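The values are calculated or read from the model by the stated rules, or taken from the named source; none is laboratory data. Worth saying up front: this structure is predicted, and the values here are computed from it rather than measured. Methodologically, a virtual Cβ is constructed for each residue, glycine included, from the backbone with ideal geometry; neighbour enumeration extends over all protein chains shown. Surface accessibility is based on the protein's heavy atoms, side chains included, excluding ligands, DNA and RNA. Shrake-Rupley method; radii C 1.70, N 1.55, O 1.52, S 1.80 Å.
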Amino acid sequence: GSSILTLTNLKDGGSYTIIVTDPTSRTYTFSGDCLYSHLAGGPQATSGRTVFTILKVSEADGSHCYISQVGFD
């Protein structure tokens, strides 16, 4: 029921996949381990099933998560 996905215990260089099944259309945001979240194409409204892939990278200014999203109705 929430539009915030909290990422915890991600390892540097780790690649992760999250599948969200939600019949309600919403735009998800990410919090937690990543100081910066970079969502390819910017946040997109979703409904049905959505697959997020995440790559966590530590950089000089902090932890970054590079995120891509594919939605399926």
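Residue-wise HN-Hα couplings along segment 56-66, as the Karplus relation 6.51 cos²θ - 1.76 cosθ + 1.60 with θ = phi - 60° gives them from phi, are 9, 9, 8, 10, 4, 9, x, 7, 10, 10, 9 Hz; Gly and Pro carry x.
Return, ordered by residue number, the residues of segment 43-64 whose backbone nitrogen is under 14 Å from a label point located 7 Å along Cα→Cβ of Tyr16. It comes to 52-58, 63-64, nothing else. Close amide H pairs (under 5 Å, H built 1.01 Å from N) link Phe30 with Leu5, residues at least 5 positions away or on another chain. For Ser63, which sequence-distant residues (separation of 5 or more, or a different chain) have an amide H within less than 5 Å of its own amide H, given hydrogens modelled in the peptide plane? Under 5 Å from the amide H of Ser63: Leu35, Tyr36. Ser15 sits with roughly 100 Å² accessible to a 1.4 Å probe, with DNA, RNA and ligands left out of the calculation.
The equivalent ellipsoid of the chain has semi-axes of 22, 11, 11 Å, largest first, where each one is the square root of 5 times an eigenvalue of the Cα gyration tensor.
Among DSSP beta bridges lying fully in the chain, give the percent that are antiparallel, nearest 5. If you can, show how the numbers build up before the last one.
On the way: 21 of 29 bridges.
Given both bridge residues lie in the chain, the antiparallel proportion sits at roughly 70 percent.
When the residues Asp22, Asp61 are ordered by accessible surface, computed with a 1.4 Å probe over the protein chains alone, the sequence from largest down reads Asp61, Asp22. Computed with every protein chain present, the accessible area of Leu35 is close to 110 Å² [probe 1.4 Å]. When nucleic acids and ligands are ignored and a 1.4 Å probe is applied, Ser25 ends up with an accessible area of around 80 Å².
Describe numerically, in nm with one decimal, the distance between label points set 7 Å from Cα along Cα→Cβ at Ser58 and at Ser3. Using points 7 Å along Cα→Cβ, the separation is 3.3 nm.
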